[in-house]
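One structure below.
The values are calculated or read from the model by the stated rules, or taken from the named source; none is laboratory data. In this text the structure is predicted, and so the values were computed from the model without any measurement. Here Cβ is always computed from backbone atoms with ideal geometry, including for glycine, and neighbour counts include all displayed protein chains. Side chains included, ligands, DNA and RNA excluded: accessible areas come from the protein's heavy atoms. Shrake-Rupley method; radii C 1.70, N 1.55, O 1.52, S 1.80 Å.
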Amino acid sequence: MQTIPIIEAVDGRPRCPRFPFGRARSAFVERPIVPERRQTVTPLSLFTPILRHDGGSLGVSFSFQTFRQARSNGMRSHYCGELDSSFIDQEVRLCGWVHRRRDHGGVIFVDLRDRGGLVQVVFDPDREDIFALAEQVRSEYVLAVHGRVRRRPEGTGNPDMPTGEIELLGLGLEVLNASETPPFQLDEHHSDTSEEVRLRYRYIDLRRPEMQARLRTRSQITQSMRRFLDEQGFLDIETPILTRSTPEGARDYLVPSRVHPGEFYALPQSPQLFKQLLMMSGMDRYYQIARCFRDEDLRADRQPEFTQLDIEMSFMDEDALTALMETMIRRLFKEVLDTELPEPFPRMSFAESMRRFGSDRPDLRVPLELVDVADLMSEVEFKVFSGPAKDPDGRVAALRLPGGGELTRKEIDEYTKFVGIYGAKGLAYIKVNAWSEQGRDGLQSPILKFLPDEAVAGIMARTGAEDGDLIFFGADKATVVNEAIGALRVKLGHDRGLIAEGWYPLWVVDFPMFERDEHSGRWMALHHPFTAPKTDQLDRLEDDPGACESRAYDLVLNGTEVGGGSIRIHREDVQRRIFQLLNISDEDADERFGFLLRALKYGCPPHGGIAFGLDRLVMLMTASQSIRDVMAFPKTQTASCLLTDAPAAVDEAQLKELALRIKLRA
């Protein structure tokens, strides 16, 4: 058993009643403590993330600012990061963790850390009992310290610390808890620490200032959103977690029912149907910070359980709804990042976005664009180009890279491997060495011999290529070209330092109502089956579903979709027609969605909504690489929790209660 050293008061005096460190007694010099100052601060000033631009990429540096609120919770009078030169000669009580301990010539320095930041505490040897105790503390010990604030000696200040002008002379010390040697050090660069170790010891990982800063920013983001929506008359309403399994594009997590053997609840992929029912209930404006669940393959910005800000409104069209959401997002960025976003946000149709950028979530910070050249390639002998050019589902696109002529063959081969990830069979290119002086002879490419002069001239004119540039080509099914060359566009932007500084929001609108499944040939809802078609296209739903557009809209920010929604179907007859187009019979519709179809008969108002991916938004606003870095207790990419070892087997008695038997696949 490890013992924690506790020492008697100096000279046998009783401990000061203003030093309430629990029942244990501590070494201290008994002096009156200066009353806490009353100071105020705006709610979002506890921590300020500061945008920076470094080498073509956005980042966030975290600066702890003074709390300016004396917060005594019994054991402490202030947070560590709150102290500055205005506290000189005042006595304070602090609690926190040992971030770093240093012994310099008989003087012990302890950097004490709490949620507010760091402060240096000095223990002098002339206070023998306290000094002896300070010698025993190690990293991550939990301490309570009573001391006097003083200015650091000249030349020893630390401008990199908000508390760097001052230090705390330790007058009293209590070890509240010892710590074993942590699995990784918090006072050193942690880049060598594997994510597996960080997740297994998440409670230690979350002590790191950058992790606490991210979660603090997350809290500020939700506070800002809640304030705005409350001011706009929205009601915060919870919807069920145990619900019915409905098809929404991903596999459901199922929960067996003990009371109803053989039957299952599903965890909600979103509150979609319930928020529509709330509009039918006359709630008019609803929001919820909702926990959602999807059993799907994971990646950097995807988790099996995630959080979204869910919003729904009655008697609103898409223009009014998106304008209101813009106002919320602009205010959010101003309050949390002190950043002005454009007003209004630009809009772009789905078709234009795919044509220019190969994606429905384009990163507008990248200046490169795709250019269609299929008409120039339809009659060339090179079937790699002419085949897709003549295919109604094909596409031939060019991507001009300014200054790309300096790329080596090895670099081009690496980009060829990259597009192969997205199904591309190759990556044709033309280097523009001296087109302005030598014409065709000033070009370099393995494919030039297959291209007639008029095709080459057309490519050069349409792409606007100049000497020193490089032109990449994609030729395949349109879906392959869009994914491969669209991804290449973004990668080149990052690799070549072409990323513009700042935030580039965009509304993508006019989405197709349906897309055809490549395997079955059936029509599928591009968003979900409750999205309303454009009212002027209702007459051709059955005749030409592929040409129908929906009343959907996505908010894209720097190449990431952070929100998506639509105006919903509010008429039963239209909803049944959509189900039929999706090959859902009336019987199946009544079985799966009977409660919704019944509700549509009883005075359903026009309504629409949107959901913002809170995790993705926080990831962007804190310049994090993964949503796992902005969630307190995330899962791994195999949907497991290393901290709690979930998922785990359950015993036979539990299975028997649920009328279940486990049969593993061979």
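Of the accessible area of the stretch 482-623, computed with a 1.4 Å probe over protein heavy atoms only, carbon and sulfur atoms account for 44 percent.
Secondary-structure-derived ellipticity at 222 nm for the chain, considering helices only, amounts to -8000 deg cm²/dmol, per-run term -39500 (n - 2.57) for DSSP H runs with n ≥ 4.
Near Ala532, the amide H atoms lying under 5 Å from its own belong to Arg551, Ile567, Arg568, Ile569; only residues 5 or more places off or on other chains count, and H is placed 1.01 Å from N. In this simple spin-label approximation, Asp453 and Gln625 carry label points 7 Å from Cα along the Cα→Cβ vector, and these lie 5.2 nm apart. Computed from Cα atoms, the angle from the helix 572-581 axis to the main principal axis of the chain rounds to 70 degrees. Shown here is the pair-distance distribution of the stretch 214-367: with all Cα-Cα distances grouped in 5 Å bins from zero up to the longest one, the shares run 2, 7, 12, 14, 17, 19, 15, 7, 3, 2, 1, 0 percent. Taking all protein chains together, Trp523, Trp435 sort by accessible area into Trp435, Trp523, largest first [probe 1.4 Å]. Modelled spin labels at Lys491 and Phe382, positioned 7 Å past Cα toward Cβ, are 2.0 nm from each other.
Counting protein heavy atoms only, the stretch 317-459 has 50 percent of its accessible area on carbon and sulfur, 1.4 angstrom probe.
Here the Karplus curve 6.51 cos²θ - 1.76 cosθ + 1.60, taken at θ = phi - 60°, turns the phi angles of the stretch 434-440 into couplings of 8, 4, 5, 9, 10, x, 4 Hz, with x standing for Gly and Pro. 3J(HN,Hα) along the stretch 492-498, derived from phi through the Karplus expression 6.51 cos²θ - 1.76 cosθ + 1.60 where θ = phi - 60°, amounts to 4, x, 6, 5, 9, x, 9 Hz, with x in place of Gly and Pro. In this structure, the residue pairs whose Cα-Cα separation is over 25 Å, taken from Lys477/Lys534; Lys275/Lys635; Lys383/Lys417; Lys534/Lys601; Lys383/Lys477, are Lys477/Lys534; Lys275/Lys635. Annotation: aspartates and glutamates with alpha-carbon distance below 17 angstrom to Lys449 (same-chain offsets under eight excluded): Glu379, Glu381, Asp441. Remark: accessible surface ordering of Leu168, Leu176 (largest first) is Leu176, Leu168, probe radius 1.4 Å. Solvent-accessible surface of the chain, averaged per residue with a 1.4 angstrom probe and all protein chains in place: 48 square angstrom.
The residues neighbouring Met328, those whose beta-carbon lies less than 15 Å from its own, together hold a net charge of -3 under the Lys/Arg +1, Asp/Glu -1 convention. Quick check: from the Cα gyration tensor, does the stretch 72-187 come out rounded (a/c under 1.5), prolate or oblate? It is rounded, given that a/c, with a ≥ b ≥ c, falls under 1.5. In this view, the solvent-accessible surface of Asp252, computed with a 1.4 Å probe and all protein chains in place, comes to about 30 Å². What is the distance in Å between the Cα centres of the stretch 127-194 and the stretch 295-329? The stretch 127-194 and the stretch 295-329 have Cα centres separated by 44 Å.
Which one of Met283, Pro240, Phe345 has its Cα pushed farthest toward the positive end of the charge dipole of the chain, where Lys and Arg give +1 and Asp and Glu give -1 at the Cβ? In the chain, that residue is Pro240. Amide H contacts under 5 Å for Val396: Val373, Ala374, restricted to partners 5 or more places along the chain or on a different chain, H placed in the peptide plane at 1.01 Å from N. Amide hydrogen proximity for Arg251: with H placed 1.01 Å from N in the peptide plane, the residues at 5 or more positions away or on another chain lying under 5 Å are Asp295. Apolar share of the accessible surface for the stretch 109-177: 45 percent from carbon plus sulfur atoms, 1.4 Å probe.
A simple rule links phi to the HN-Hα coupling: the Karplus curve 6.51 cos²θ - 1.76 cosθ + 1.60 with θ = phi - 60°, which for the stretch 554-568 gives 10, 9, 10, 9, 6, x, 10, 6, 9, x, x, x, 6, 6, 9 Hz, with x for Gly and Pro.
Taking all protein chains together and a 1.4 Å probe, the residues Thr535, Thr339 rank Thr535, Thr339 from largest to smallest accessible area.
Principal axis extents of the C-alpha atoms in the chain (largest first, rounded to whole Å): 99, 74, 56.
Estimated at the nearest 10 Å², the accessible area of Ile88 is 50 Å² with a 1.4 Å probe. Please determine, in degrees from 0 to 90 and to the nearest 10, the orientation of helix 409-420 with respect to the longest principal axis defined by the Cα atoms of the chain, where the helix direction is its Cα long axis. So the helix axis and the longest Cα principal axis differ by about 80 degrees.
With the whole protein complex present, Leu427 retains an accessible surface near 20 Å², based on a 1.4 Å probe. Look at the Cα gyration tensor of the stretch 115-169: its axes a ≥ b ≥ c give a/c of at least 1.5 with a/b at or below b/c, and that counts as oblate.
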